[in-house]
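The values are calculated or read from the model by the stated rules, or taken from the named source; none is laboratory data. Predicted model, so just to flag it, every value in this text is computed and none were measured. When we count neighbours, we look across all protein chains shown, and the Cβ atoms used for this are built from the backbone with ideal geometry, even at glycine. To get the accessible areas, we keep the full protein, side chains included, count just its heavy atoms, and leave off ligands, DNA and RNA. Shrake-Rupley method; radii C 1.70, N 1.55, O 1.52, S 1.80 Å.
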Amino acid sequence: MPDKNTGNRQQNGAYPYTELYQRLKKHLDSVAIVDCHEHLPTEANPKTDGMEKHIGRFFLHYAGCDLVSAGMPQADLNAVKSSDNKLSPADRWKKIRPWYEKAWNTAYCECLRIAIRDLYGIEDFSDKTVNQLQEAIEKNVKPGFMRKVFDKARIDIAMNNLWDRPVFYADQPHDCFIPDMRDSFTNFPFDDFCGESGLEIACLDDYLEMIDWYFERYGKVAGAFKVGRAYDRTLLWQDVPRSDAERVFNRMLAFNDRPDRKDVQALEDFIMHILCRKCGECGLRMKFHTGIQEGNGNIITNSRAALLANLFMKYPKTGFDIFHISYPYQEELVAIAKNFPNVTIDFCWMWIINPAAARRALSDMLDAVPANKILGFGGDFLFVEGSYGHAQVARRQIARVLAEKVQEGRFSEDYAAQVGQMLLRDNAIECFDLAKRRKAFAGMKKTAKRV
Ligand SMILES: [Zn+2]
């Protein structure tokens, strides 16, 4: 039996499978992916480009959570991720190593290995490679790296979501990204909104006018509208009467009053219904985070896609894209997407959360849901090496499912190849109307430059 720390754990070489699999995989490798969801820095902005340039960048999220799940103290992970220079690369690795060994098997960790192998020529994180990795990061991570990695991953463009502006971030290279609008409207950061819009908010009507201002400005150039609230509240958005919402809103504006969480939630519900209507008017598809949340220790039942059913019904003209296939509620999503013409399924992040579950889900979906409603890939990473590794995992797993459909006698090989192209590219262009939106965003950049 090989020693567990030195024995070869990785199955070497190409996946053996069948020639059919190899042919389909080769076809998928040739498809220029439209990546439905990322959180990548702009490169041009020093604030968001301050991405950690040490081994900790790989554990900023996902794999870092697996280390904590395996037993790593959160404080150690925080030290590893920190951008200060107190720890040497070797010291950071020393903290990671015991837990990485225990979580080596997960797809989060495998995705990173694929990335450092293909991009930096390094087989695995280890005592021997830690300094080599540091040198490779310092040499490569600089403006232009994003496009280089996208080209190697055959990612044409990514729909990108940044956090340091309340709603929209225009300063993104349009050869890499099309930005999404994001929902801060249900979080009420009044100062941020007023700063950009120049509007003052003294009552609910002012607030709704401010929402109109943002939609007028960005509703036609954004790729989609992202809602990430399943982290801190339920996805059930009740239909709240305006008078109730207004009462809470006025209390919120008053200096000496603090509405409780239940009241604020009712106001958020009211605003969400407004947003659904606005998105429908702008033809802007809404992307809802559903299913497993990033980070350790979350309430999973808050996030099931089925909680959104009242919105799907009330706003038939609004498109809803359901992120992360609502895992572990993916079976509910199959029924929902089969049922509602305005609901699509999005596999972003999913291929590395649980590749086997993702495969089973895709297989079910291809038996039950029209193929044009399945969006096959979104890297969902903060650092581009992760997006690269994830894209490799996704192509591999999708090829396996497609090969299975051919072997079952359900799909011809040609049709399977066509479905692969739809999942990785065509469906995203169609669902988000990206040809038009990409052009509008590029136009916006040109105008911005002229000013
Ligand atoms: Zn995300």
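Which whole-percent values make up P(r) of region 145-450 when all C-alpha to C-alpha distances are grouped in 20 Å steps starting at zero?
32, 57, 11, 0
Out of TYR218, ALA266, MET252, whose Cα points farthest toward the positive end of the dipole of the chain (charges: +1 Lys, Arg; -1 Asp, Glu; placed on Cβ)?
Farthest towards the positive end: TYR218.
Which residues' amide hydrogens lie under 5 Å from the amide hydrogen of CYS348, considering only partners 5 or more residues apart or on another chain, with H built in the peptide plane?
Distant-sequence amide H within range of CYS348: HIS324, ILE325, GLY378.
Greater than 28 Å separation of Cα atoms is the criterion. Which listed pairs, LYS102/LYS148; LYS102/LYS128; LYS287/LYS338; LYS94/LYS287; LYS314/LYS439; LYS148/LYS338, meet it?
Over 28 Å Cα-Cα: LYS102/LYS148; LYS94/LYS287; LYS314/LYS439; LYS148/LYS338.
Keeping every protein chain in place, order TRP163, TRP213, TRP349 by accessible area at 1.4 Å, biggest value first, i.e. largest first.
Solvent-accessible surface, decreasing: TRP163, TRP213, TRP349.
At 1.4 Å probe size, put TYR207, TYR17 in order of accessible surface, largest to smallest.
TYR17, TYR207
Please report how far the C-alpha centroid of region 246-262 lies from that of region 126-145, rounded to the nearest whole angstrom.
A separation of 50 Å, based on Cα centres.
Multiplying the sequence separation of ALA202 and ASP84 by 0.36 nm and subtracting their Cα-Cα distance, what value in nm do you get?
Here the segment from ALA202 to ASP84 would lengthen by 38.3 nm.
Would you work out what percent of the accessible area of the chain, with all protein chains in place, is carbon or sulfur (probe 1.4 Å)?
For the chain, the apolar C and S fraction of the accessible surface comes to 51 percent.
Mind checking the per residue accessible area of region 145-450 for me, 1.4 Å probe, whole number of Å²?
For region 145-450, the per-residue accessible area is 39 Å².
Residue by residue through region 236-246, what is 3J(HN,Hα) from phi via Karplus (6.51 cos²θ - 1.76 cosθ + 1.60, θ = phi - 60°)? Round to whole Hz and write x for glycine and proline.
Here the 3J(HN,Hα) series is 7, 10, 6, 8, 9, x, 4, 4, 5, 5, 5 Hz.
Does region 148-218 classify as rounded, prolate or oblate by the C-alpha gyration tensor (a ≥ b ≥ c root eigenvalues; a/c under 1.5 gives rounded; else a/b over b/c gives prolate, otherwise oblate)?
prolate
Once each part is reduced to its C-alpha centroid, what is the distance from region 271-307 to region 75-110 in angstrom?
32
Enumerate the amide H contacts of LYS287 below 5 Å, restricted to partners 5 or more residues apart or on another chain; note that Pro and chain-start residues carry no placed amide H.
Counting only residues 5 or more places away or on other chains, the set is PHE225, LYS226, VAL227, ASP321.
Once the Cβ-Cβ distance between ASP212 and ASN8 is put in as r, and R0 is 60 Å, what FRET efficiency do you end up with, to the nearest 0.05?
About 0.50, to the nearest 0.05.
Could you run the Karplus curve 6.51 cos²θ - 1.76 cosθ + 1.60 with θ = phi - 60° over region 289-303 and give me ³J(HN,Hα) per residue in whole Hz, x for Gly and Pro?
Values per residue, Gly and Pro as x: 5, 9, x, 3, 9, 6, x, 9, x, 10, 8, 5, 5, 5, 10 Hz.
Along its three principal axes, how long is region 247-370 when you only count alpha carbons? Whole Å, largest extent first please.
55, 36, 19
Based on Cβ point charges of +1 for Lys and Arg and -1 for Asp and Glu, what charge dipole magnitude is obtained for the chain about its Cα centre, in debye rounded to the nearest 20?
It comes to approximately 920 debye.
Tell me, what ³J(HN,Hα) does each residue in region 80-91 have, in order and in whole Hz, if you take phi through Karplus 6.51 cos²θ - 1.76 cosθ + 1.60 with θ = phi - 60° and put x for Gly and Pro?
For region 80-91, the Karplus curve yields 5, 7, 4, 8, 6, 9, 5, 9, 6, x, 5, 5 Hz.
Which peptide among 52-59, 429-436 comes first, and what is the full order, when sorted by highest mean count of other Cβ atoms within 10 Å?
Sorting 52-59, 429-436 by mean packing, highest first, produces 52-59, 429-436.
Note the angle between two axes, namely the Cα long axis of helix 330-339 and the longest principal axis of the Cα atoms of the chain, as a number of degrees from 0 to 90, rounded to the nearest 10.
50
Per residue, how many Å² of accessible area does region 52-140 show with a 1.4 Å probe?
44
Out of the GluC sites (Glu not before Pro) in region 388-419, which ones are loop residues according to DSSP with at most 15 other C-beta atoms within 10 Å?
Listed in order of number, the matching sites are GLU408.
Is region 52-140 best put as rounded, prolate or oblate by its Cα gyration tensor, with a ≥ b ≥ c the root eigenvalues, rounded for a/c under 1.5, and otherwise prolate when a/b is larger than b/c, oblate when not?
Oblate.
Could you work out [θ]222 nm for the chain from helices alone, using -39500 (n - 2.57) per DSSP H run of at least four and dividing by all its residues? Round to the nearest 500 deg cm²/dmol.
Rounded to the nearest 500, the figure is -15500 deg cm²/dmol.
Can you list residues from other chains, or at least 5 along the same chain, whose modelled amide H is less than 5 Å from the amide H of ILE157?
Placed amide hydrogens put ASP35 under 5 Å from ILE157.
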